[in-house]
Amino acid sequence: MPLMLPTILKNLFTGYATRLYPVQVREPFDKARGHISFSEDKCTMCGVCALRCPSVAITVEKKQNKLTFYPFRCIVCEVCVHACPSEAIDLIFKWRPSSYDKPEEVYKSTRLEHLRETTDAAKDALASKEDK
Amino acid sequence: MEKLWPVELSPRTIYLRTFWAELARVHSHLLWLGLLADAFGFESMFLQFWRIRERVLDLLEMTAGHRVIPSVNVVGGVRRDITPEQKKVIIDTLDIIRKESDSLVKVVTNDYTVKARTVGVGVVTKEQAFALGCVGPVLRASGVSEDVRLTKYDAYGDLNYEPIVETAGDCYARTLVRARELFQSIDLLLEVLNKMPEGEIAVRVKGNPPANEAFVRKEAPRGELIYYAKGNGTRNLERMKIRTPTFANLPSLLVMLPGCQLADVPVIVLSIDPCICCMER
């Protein structure tokens, strides 16, 4: 016990080791891995991120143009960020706020929609040309 | 994994990996010392150790982005680098960690209550430890000078390293080994930071893992960690096996537990630093 005395005395006269969490929030470090976000205008629904993800946090249904992200399965390992061929996944250096439920995030690729529209238009144009 | 190709790593990558390995050792040993204090009912000591550990976790978050599992290693290199500003902060924080742990470790190693609960409890002799295939601090506390870092993998060849050995083989000896390793790891971290060469942090590795096999031994905080990987030229590996130190250390409980007091069971089981979730693979 006497050996512990300096630590006890020090604790009595120094500040708290903890903080009142929801009131006082410590800012994360500059490059702390917060969470990932998807850019709908860059994504092509290729599915590479879903293949690479070690925790099965991403599912891609290309036909329905639907990417589902499960944020509470994600371990922010950064694999998808580096694997994405169209650089559509960004690492955000802020922590995701805590939550009572585990919501899913659904993304729709505007780039894929645009690509499909243009290909459909091209196909129509080709078809009308052949008809003539 | 790099042994499969094989890939030549840049010296900075090797040093960075050693840095994170040693930082993880500091964090793991502080966690263990706290848990040991908790196992024999010294709750305030437990929180004091975890308070220091929080500083190490902050350093990990600053350098790697995550607090416990760095996830910085990729095939061919690492993902993050240490900037000169970070280096300064790390050196200052390590100094604080050393001072704070020093006062607490003095309590653990000299206090009457701690000694009463650990000295002569769960004794494993040198022969028994060797025969049961113990690894890491458990083996070193029984007087066997065995450490994978002696094989000079990663940057350990350039560092001033020698294993810490105790001879008693009881819980107290295992505590001493880990407490002294804590300070040794801080010294190694400073040495790594001072000797770290400049250069690339990752090399680009192309293609699938070739049809080859690799066997790697590393010294994790709990002891010797073995990785075996076998590729067959396709995208997926044919076989991957990881043997964690707890798997090798568990049989030593066969010698430690029979005939002991029921109240000593938590201390003895904890003294091998078991991680059952790591072991089950």
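For segment B:89-99, indicate whether the set of residues that are in contact with a strand residue (DSSP E or B) (Cβ under 8 Å, 6 or more places away or on another chain) and either at the interface with another protein chain (Cβ under 10 Å from one of its Cβ atoms) or assigned to a helix (DSSP H, G or I) (or both) is non-empty.
No; the residues of segment B:89-99 include none that is in contact with a strand residue (DSSP E or B) (Cβ under 8 Å, 6 or more places away or on another chain) and either at the interface with another protein chain (Cβ under 10 Å from one of its Cβ atoms) or assigned to a helix (DSSP H, G or I) (or both).
Quick check on segment B:63-85: of everything there that is more than 9 Å from chain A (Cβ to nearest Cβ) and in a helix (DSSP H, G or I), which residue is surrounded by the most Cβ atoms within 10 Å (Cβ to Cβ)?
B:Glu85
From the set of residues in segment B:210-224 that are touching a residue at least 60 places away in the same chain (Cβ under 8 Å) and not in a strand (DSSP E or B), which is surrounded by the most Cβ atoms within 10 Å (Cβ to Cβ)?
Going through the qualifying residues, I end up with B:Arg222.
Within segment A:17-44, which residues are within 21 Å of A:Phe72 (Cα to Cα) and hydroxyl-bearing (Ser, Thr, Tyr)?
Listed by number, the residues that qualify are A:Tyr21, A:Ser37, A:Ser39.
Only one residue in B:Glu162, B:Glu146, B:Glu166 is touching a strand residue (DSSP E or B) at 6+ places or on another chain (Cβ under 9 Å) and at pLDDT below 95, so which one is that?
B:Glu146
Please determine, by comparing only the residues of segment B:109-166 that are within 19 Å of the chain's Cα centre (by Cα) and of a type in the set (Ser, Thr, Tyr), which one is nearest to B:Met196 (Cα to Cα).
The qualifying residue nearest to B:Met196 (Cα to Cα) is B:Tyr156.
Which numbered condition trips up B:Phe46, out of (1) under 23 Å from B:Leu159 (Cα atoms); (2) within 13 Å of chain A (Cβ to nearest Cβ); (3) aromatic (Phe, Trp, Tyr)?
So B:Phe46 meets the others, but not (1).
Would you please name the residue that is farthest from B:Tyr112 (Cα to Cα), looking only at residues in segment A:1-56 that are among the aromatic types (Phe, Trp, Tyr) and surrounded by 11 or more Cβ atoms within 10 Å (Cβ to Cβ)?
My answer is A:Phe38.
Name the residues in segment B:130-152 that are assigned to a helix (DSSP H, G or I) and under 23 Å from B:Trp20 (Cα atoms), would you?
Residues satisfying the conditions are B:Gly136, B:Pro137, B:Val138, B:Arg140, B:Val148, B:Arg149, B:Leu150, B:Thr151.
If B:Ala155 meets every condition in (1) part of a loop (DSSP other than H, G, I, E, B); (2) closer than 16 Å to B:Gly223 by Cβ; (3) of a type in the set (Gly, Ala, Ser) apart from one, which number is that one?
So B:Ala155 meets the others, but not (2).
Of all residues being in contact (Cβ under 8 Å) with a residue 40 or more places away in the chain and part of a loop (DSSP other than H, G, I, E, B) in segment B:225-260, which is surrounded by the most Cβ atoms within 10 Å (Cβ to Cβ)? Just the residue, please.
B:Gly231
Being part of a helix (DSSP H, G or I), surrounded by fewer than 19 Cβ atoms within 10 Å (Cβ to Cβ) and either in contact with a strand residue (DSSP E or B) (Cβ under 9 Å, 6 or more places away or on another chain) or without any contact (Cβ under 8 Å) to a residue 60 or more places away in the chain (or both) narrows it down to one of B:Arg55, B:Arg25, B:Arg12, so name that one.
Every option except B:Arg55 fails the conditions.
For segment B:261-281, how many residues are within 16 Å of the chain's Cα centre (by Cα), within 18 Å of B:Tyr172 (Cα to Cα) and without any contact (Cβ under 8 Å) to a residue 60 or more places away in the chain?
Here the count works out to 1.
Could you tell me which residue of segment B:149-196 is nearest to B:Gln128 (Cα to Cα), considering only residues that are among the hydroxyl-bearing types (Ser, Thr, Tyr) and in contact with a Lys or Arg (Cβ under 8 Å, 6 or more places away or on another chain)?
Here the residue is B:Thr167.
Please list, ordered by residue number, the helices (runs of 4 or more DSSP H) wholly in segment A:1-87 having 3 or more residues that are within 25 Å of B:Thr63 (Cβ to Cβ) and within 14 Å of chain B (Cβ to nearest Cβ).
In segment A:1-87, A:79-83 are the helices (runs of 4 or more DSSP H) which contain 3 or more residues that are within 25 Å of B:Thr63 (Cβ to Cβ) and within 14 Å of chain B (Cβ to nearest Cβ).
Pairs only if they're at least six apart or on different chains, beta carbon under 8 angstrom, first in segment B:100-117 and more than 8 Å from chain A (Cβ to nearest Cβ) and within 12 Å of B:Cys171 (Cβ to Cβ), second among the hydrophobic types (A, V, I, L, M, F, W, C) and not in a helix (DSSP H, G or I); list them, first residue then second.
Close Cβ pairs satisfying both conditions: B:Val114/B:Phe40; B:Val114/B:Phe42; B:Arg117/B:Phe40.
The values are calculated or read from the model by the stated rules, or taken from the named source; none is laboratory data. This is a predicted model, so every value here is computed, not measured. So basically every Cβ, Gly included, is an ideal-geometry build from the backbone, and we count neighbours across all protein chains shown.
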